[in-house]
Amino acid sequence: MRRKCNHIPKVHVKKDDVVLVIAGKDKGRKGRVLKVYPRKQRVLVEGVNIVIKHTKPSAKHPDGGRIEMEMPLHISNVMVVSPKTGEPSRVGRKRDDNGKWVRYLKKTGEILK
């Protein structure tokens with residue numbers, strides 16, 4: 001039997017970041033992060049990794065049929081894109097002048113919100 005770990009790993013991506021997919025069938029596409037699943041190490045990116053789900057008729061979809069929806073990607077397959085230059089970069093953490101932890105882009109040194 002597998003034990004659940006209470007540790008939630010730190011992730012380099014947050015909701016509303018713009019990311020570039022660097023591996024998989026959607027390699028090279030950019031999108032906004034809709035949701036982050038830190039325990040599963042996955043992210044849901046807008047307009048990326050779209051699959052077709054076959055559904056039975058329900059109250060939400062009375063006709064049923066085929067519905068296109070986004071599925072989560074592994075977090076290692078995305079890179080954060082700079083809001084200013086549009087260039088992908090790795091993300092680091094450092095303390096700012098007030099002693100708070102902030103994320104920054106390693107390529108440009110730009111601080112992320």
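The values are calculated or read from the model by the stated rules, or taken from the named source; none is laboratory data. All values derive from a computational prediction rather than experimental measurement. Cβ placement follows ideal geometry from the backbone for every residue including glycine, while neighbour counts extend to all protein chains displayed. These area figures cover heavy atoms from the full protein model, side chains too; ligands, DNA and RNA do not enter into them. Shrake-Rupley method; radii C 1.70, N 1.55, O 1.52, S 1.80 Å.
Scanning region 62-69 for residues that are open to solvent by less than 90 Å² (accessible area, probe 1.4 Å) and under 18 Å from the mean Cα position of the chain (by Cα) turns up at least one hit. Screening region 63-87 for residues that are acidic (Asp, Glu) and out of contact with any Pro (no Cβ under 7 Å at 6 or more places or on another chain) and picking the one that is farthest from VAL11 (Cα to Cα) gives GLU68. Whether a residue is open to solvent by less than 50 Å² (accessible area, probe 1.4 Å) and over 18 Å from VAL19 (Cβ atoms) was assessed, and GLY47 does not pass this test.
Screening ARG103 with (1) among the basic types (Lys, Arg); (2) without any contact (Cβ under 8 Å) to a residue 60 or more places away in the chain; (3) under 17 Å from VAL11 (Cα atoms) gives one miss only, at (2).
Do we have VAL80 as at pLDDT 95 or above and closer than 16 Å to VAL18 by Cβ here? Break it down into steps so the answer makes sense when it comes.
On the way: at pLDDT 95 or above: yes; closer than 16 Å to VAL18 by Cβ: yes.
It is true that VAL80 is at pLDDT 95 or above and closer than 16 Å to VAL18 by Cβ.
Residue count for region 1-25, restricted to those that are open to solvent by less than 100 Å² (accessible area, probe 1.4 Å) and either touching a residue at least 24 places away in the same chain (Cβ under 8 Å) or assigned to a strand (DSSP E or B) (or both): 13. Every condition in (1) more than 19 Å from the chain's Cα centre (by Cα); (2) open to solvent by 40 Å² or more (accessible area, probe 1.4 Å) holds for ASN77 except the one numbered (1).
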